[in-house]
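Working notes for the structure below.
Just so it is clear, none of the values below were taken in a lab; they were calculated from the coordinates. Predicted model, so just to flag it, every value in this text is computed and none were measured. Here the Cβ is made from the backbone with ideal geometry for all residues, glycine too, and neighbour counts use every protein chain on show.
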């Protein structure tokens, strides 16, 4: 089967905007490049990767201009259909919410979550039409699958789940390396770590209120993440709660440094209000860091029984559970072991196998 993939959100530049969707696309392509599973792949990307490891794929660069959303939409709806008509693929996979109206053949679309419906600042009216037009939909958790069925009125049998995974760089690091990192960054032995774009759905304001309630000697809190939308209440809360000396905003942290932050932290806190999947939880567990996260959306699927789950709006409970984990070395040891086991249950190969199965279902039905 000849399969075309529209991967315009694939980015090789390391910024906080290159995470999430781009990472899933990258690993799908890497797996297909190593093992095309008997298929031929034409991959439409902004710029071709500088790697020899994806010999099973043929890349068609758009020249990089599609990184701008308005241009990307026009390109996907006008130029891409003409390119596809010349290639004649059996199937088109839109790996980020979109399929061109002018594509007459079977299509698969990946929808990572519906946060733009629950948080309408990012609402895209074309999403419902794309969901109806797609032969099948791939998503990244059972919770996201239920949202797609509910909000987009899609029959549940048309939606398949292909779980992402933590990258191999996320694992337990040697104690000497972690100690050297602490010294280099002047970090204490005990601190709380959080990751997330500074925006409302990450619930950082709730985390700050819970953090302020810690009764024992309060370890510092370090937050990694770029500035998103409506971020000012986060900094306002820090000032109102007199936490300026305790809370440290790191901004964007490069991928190769994140495993060191996870390893050095005594606790990872992630009380998000909504996640399609929640990769940071998996990354922290893969590094052996105890995790306190939320009961919202897909996070219980990702965390399993290896993390402490708290209703995200219950700041008193969040404070209590953070304090309980921080004060119990035996519990920390148990959570480290359980977290690594839970993280190992997810793999990029399994995600790719499921996606290829979806291709066969789409063409067959």
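Which of 261, 75, 229 has the fewest other C-beta atoms within 10 Å, and how do the rest follow up to the most?
Fewest-to-most ranking of 261, 75, 229: 229, 75, 261.
Could you tell me the extents of the range 175-343's C-alpha atoms along the three principal axes, largest first, rounded to whole Å?
36, 36, 32
Could you work out the relative contact order of the range 175-343? I mean the mean sequence separation of Cα pairs under 8 Å and 6+ apart, divided by the number of residues, in percent.
This gives 23 percent for the range 175-343.
For the pair residue 90 and residue 230, how long in nm is the line joining their label points, each one 7 Å along Cα→Cβ?
The modelled label-to-label distance comes out at 4.6 nm.
In whole Å, how far is the Cα centre of the range 225-258 from that of the range 284-318?
With the range 225-258 and the range 284-318 each reduced to a Cα centre, they are spaced 20 Å.
Going by C-beta contacts inside 10 Å, put 78, 358 in order with the fewest on the left.
Values: 78 12, 358 23.
Arranged by neighbour count, lowest to highest, 78, 358 become 78, 358.
By how many degrees, between 0 and 90 and to the nearest 10, does the Cα long axis of helix 175-184 differ from the longest principal axis of the chain?
80 degrees
Taking springs between alpha-carbon atoms closer than 10 angstrom, which of 303, 264, 50 fluctuates most in the Gaussian network model of the chain?
50
Order the peptides 101-107, 141-147, 305-311, 275-281 from the highest to the lowest mean number of other Cβ atoms within 10 Å of their residues.
Ranking, from highest mean packing down: 275-281, 141-147, 305-311, 101-107.
What percent does the relative contact order of the chain come to when contacts are Cα pairs within less than 8 Å and at least six residues apart?
Relative contact order, the chain: 16 percent.
D for the range 215-260, whole µm²/s, Stokes-Einstein with Kirkwood Rh over alpha-carbon pairs at 4 °C and 1.567 mPa s: what number?
107 µm²/s
Going by C-beta contacts inside 10 Å, put 360, 11, 294, 153 in order with the fewest on the left.
Ascending number of Cβ neighbours within 10 Å: 153, 360, 11, 294.
Measure nothing fancy, just the Cα-based angle from helix 348-364's long axis to the longest principal axis of the chain, in degrees from 0 to 90, nearest 10.
30 degrees
What percentages, rounded to whole numbers, describe P(r) for the chain computed over all alpha carbon pairs with 20 Å bin width beginning at zero?
Per 20 Å bin, starting at zero, the Cα-Cα P(r) for the chain comes out as 29, 55, 16, 0 percent.
Roughly what would the spin-label model give for residue 126 and residue 250, points 7 Å off Cα along C-beta, in nm?
According to this spin-label approximation, the distance is 3.6 nm.
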